[in-house]
Amino acid sequence: MADFKHIRGVIFDMDGLMLDTERLFRQAYQQAAMEVGVDFPDALYASMVGRRADTSQRILREGLGPNAPHEDIIEGARRHYYTLLEKGGVPIRPGLLITLDYLDEVEMPRAVATSTHSGLTASKLTGSGLIKYFTVVVSGDQVEHGKPAPDIYLRAAELMGVEPEHCVVLEDSAAGLEGAHNAGMMPVLIPDLLEPTAAMQEHAAHIFPSLTEFAAAFRREREA
């Protein structure tokens with residue numbers, strides 16, 4: 001049984017957790033790579049999930065090798081990604097609004113902690129209509145060290161006014177779970193693109209198949 005009675009604040013990742021955008025970015029990278037005759041395997045993108053742009057681009061360069069046209073792929077992926085967002089909007093993952101509405105109901109502090117840079121974060125949260133739920137938003141370019149360092153979570157907790165040990169962090173990536181663990185918080189895994197690895201399972205205090213199940217468990221435990 002999950003123990004959420006001591007929780008006083010909830011920290012949300014954004015891409016892959018609240019927004020169903022990781023698939024779009026993977027599609028954008030693979031399309032950009034195909035245009036220049038380069039194979040971009042799913043496993044390479046999986047290793048980039050949850051990382052700040054500087055780290056994910058380093059992983060890309062190492063993964064594709066020194067002869068690949070890295071900058072063309074990065075710029076092409078960015079272009080395709082924005083096109084996909086413009087065509088289909090910003091998709092919200094199942095159970096998110098149920099979770100946010102319950103946290104509103106009980107007046108629990110919440111924050112966004114995302115590796116995405118602040119400009120795109122604001123655009124996505126505004127475009128999806130989620131910005132109204134959050135007074136605290138911390139982006140990857142606003143801390144010194146990105147995930148899996150604990151910086152972004154500790155900053156979010158500080159701005160919420162909640163001690164780290166009283167925070168639960170909802171994440172879909174290995175880097176995010178490790179960062180939340182390093183921050184002394186309760187990491188909860190809601191899987192998206194990635195099947196939970198042994199390391200992810202080790203860092204996750206709890207695993208739920210979706211935010212719907214998390215919201216039900218969180219409510220049930222706190223109201224028991």
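Points worth noting:
- Per the conditions (1) surrounded by fewer than 16 Cβ atoms within 10 Å (Cβ to Cβ); (2) more than 18 Å from the chain's Cα centre (by Cα); (3) at pLDDT 95 or above, the sole criterion not satisfied by Arg220 is (3).
- Each residue in segment 174-188 was checked for being farther than 14 Å from Val49 by Cα and open to solvent by less than 40 Å² (accessible area, probe 1.4 Å), and 6 pass.
- Consider segment 1-41 and keep the residues that are of a type in the set (Val, Ile, Thr) and open to solvent by less than 10 Å² (accessible area, probe 1.4 Å). The one that is modelled with the lowest pLDDT is Thr21.
- Any chance Glu144 is open to solvent by 20 Å² or more (accessible area, probe 1.4 Å), at positive phi and part of a loop (DSSP other than H, G, I, E, B): no
- Residue tally, condition farther than 22 Å from Leu103 by Cβ and either in contact with a Lys or Arg (Cβ under 7 Å, 6 or more places away or on another chain) or in contact (Cβ under 8 Å) with a residue 40 or more places away in the chain (or both), over segment 174-207: 4
- The one condition in (1) over 22 Å from the mean Cα position of the chain (by Cα); (2) of a type outside the set (Val, Ile, Thr); (3) not in a loop (DSSP other than H, G, I, E, B) that Arg26 fails to fulfil: (1)
- Checked against (1) under 15 Å from Thr114 (Cα atoms); (2) of a type in the set (Ser, Thr, Tyr); (3) modelled with pLDDT of 95 or more, Tyr133 meets all criteria but (1).
- Residue match in segment 113-136 (condition: among the hydrophobic types (A, V, I, L, M, F, W, C), under 12 Å from the mean Cα position of the chain (by Cα) and closer than 19 Å to Val49 by Cβ): yes
- Hey, Arg51 within 20 Å of Thr114 (Cα to Cα) and open to solvent by 30 Å² or more (accessible area, probe 1.4 Å) or not: yes
- Flag for Arg51 being part of a helix (DSSP H, G or I) and over 29 Å from Arg222 (Cβ atoms): no
- Selection from segment 147-163 of residues that are under 23 Å from Met108 (Cβ atoms), open to solvent by 20 Å² or more (accessible area, probe 1.4 Å) and aliphatic (A, V, I, L, M): Leu154, Leu159, Met160
- Any hit, segment 116-125, residues being crowded, with 16+ Cβ neighbours inside 10 Å, out of contact with any Pro (no Cβ under 9 Å at 6 or more places or on another chain) and among the β-branched types (Val, Ile, Thr): yes
- Long-range neighbours under 8 Å by Cβ, at least six apart or interchain, first residue closer than 21 Å to Gly16 by Cα within segment 27-38, second open to solvent by 30 Å² or more (accessible area, probe 1.4 Å) and among the acidic types (Asp, Glu): Ala32/Asp72; Ala32/Glu75
- Verdict on Ala205 being crowded, with 22+ Cβ neighbours inside 10 Å and over 15 Å from Ser47 (Cβ atoms): no
- Residues (open to solvent by 60 Å² or more (accessible area, probe 1.4 Å), assigned to a helix (DSSP H, G or I) and modelled with pLDDT of 80 or more) located in segment 88-102: Leu97, Ile98, Asp101
- Any hit, segment 3-22, residues being assigned to a helix (DSSP H, G or I) and touching a residue at least 24 places away in the same chain (Cβ under 8 Å): yes
The values are calculated or read from the model by the stated rules, or taken from the named source; none is laboratory data. Being a predicted model, the structure only gives us computed values, none of them experimental. Cβ atoms come from the backbone with ideal geometry, glycine included; neighbour counts cover every protein chain shown. SASA here: full protein model, heavy atoms, side chains in, ligands and nucleic acids out. Shrake-Rupley method; radii C 1.70, N 1.55, O 1.52, S 1.80 Å.
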